[in-house]
Every structure is written in structure tokens, then in C-alpha cells.
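The values are calculated or read from the model by the stated rules, or taken from the named source; none is laboratory data. All figures in this text were calculated on a predicted structure; none of them were measured in a lab. Using ideal geometry, Cβ is built from the backbone for each residue, glycine included, and neighbour counts are taken over all protein chains shown.
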Amino acid sequence: MKQRLLSLVSFTHRERIALWLLVGALGIGGALSAWQRVGSESRLQEFEVGYAPMDARIAASAAAALTATDDSLRVDINTADAETLDLLPRIGPVLAGRIIEYRETHGVFRRVEEIMDVKGIGEKTLERLRPYIFVSDAKVQH
């Protein structure tokens, strides 16, 4: 039986060399592919291990200023601190400081649109912010 099978699958010397080269190339390709997968997973683990969690103060202030509404998180611009305001789109540390300064000078915002009274915030910025901000029913301070 073995001889019959070998007679059906007989290769010349050159064909055997070509077959071994093909098998070797496939083996090397598979090994490289597995090595790349393992390498990318270890790089991902290095990234996760090297990730620094958010500062506890920032996390606490963000949690206090955020409220859940319709599956989205919004920031109360009357109570948010500078770090939380800085997380909003188009608001950097300078505008966050101006919002806080405006609040301290003029009291709380009565309507979301009043944020346009802050220097550097116009209609376009308000429209980008609108989904992310709200005004609480805080008492007006003067």
C-alpha cells in the first residue's frame, strides 16, 4: 500500500527541492505572522501598563460637574471648574479661565446663550458647545 501511494505521488529530485522550499517559506511566513501578533499584543499591554489614570482631583471635579441626560454627559457651566471646562470642545485653558472669571464677576449664567458674553465665545463656538453644556438653577450671585 505504501509503495502504491508513493508511486502515485512520486516527485523528481527538483520537484522535492521545490516542495521543501515552499514548505519552508510557508513555515517562515506563519512564524513571522505569529511573532507580529504577539509583538503587537505586548506593545498594547505596554501601552495599557504605561497609561496614567486621570488625576483624582480632576476626576472628582469632572464627576461633580457632569450630569447624565439622554445618554449623553453635559457640563453645568455654573459649577464646573477650569479643568472640567477645558475638556469641552473648542475650550482651552484660556477660555476656561475667562468663563470662571465671568462667573465670578457677573454671577451665574441664567441661560446657555449668556456664555457668548465671555470674550472669545461666539455663535459658532456656542453651537459646538450646546450639546455638552447646560445651566443649573443656581441662585444668581452679584
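Taking segment 96-133 as the search range and keeping residues that are among the basic types (Lys, Arg), out of contact with any Gly (no Cβ under 7 Å at 6 or more places or on another chain) and more than 19 Å from Leu73 (Cβ to Cβ), which one is surrounded by the most Cβ atoms within 10 Å (Cβ to Cβ)? Please lay out each step first, then the result.
Of the residues in segment 96-133, the ones among the basic types (Lys, Arg) are 98, 103, 110-111, 119, 124, 128, 130.
Now restrict to residues that are out of contact with any Gly (no Cβ under 7 Å at 6 or more places or on another chain): 103, 110-111, 119, 124, 128, 130.
From the residues that got through so far, the ones that are more than 19 Å from Leu73 (Cβ to Cβ) too are 103, 110-111, 119, 124.
Working: Arg103: 19, Arg110: 12, Arg111: 8, Lys119: 11, Lys124: 9.
Looking at the filtered set, the residue picked out is Arg103.
With a cut-off of at least 3 residues that are at pLDDT below 70 and exposed (fewer than 10 other Cβ atoms within 10 Å of the Cβ), name the helices (runs of 4 or more DSSP H) lying wholly within segment 1-92. Even if it seems obvious, please write down each step before you answer.
On the way: elements: 2-8, 13-50, 56-65, 82-85.
In segment 1-92, 2-8, 13-50 are the helices (runs of 4 or more DSSP H) which contain 3 or more residues that are at pLDDT below 70 and exposed (fewer than 10 other Cβ atoms within 10 Å of the Cβ).
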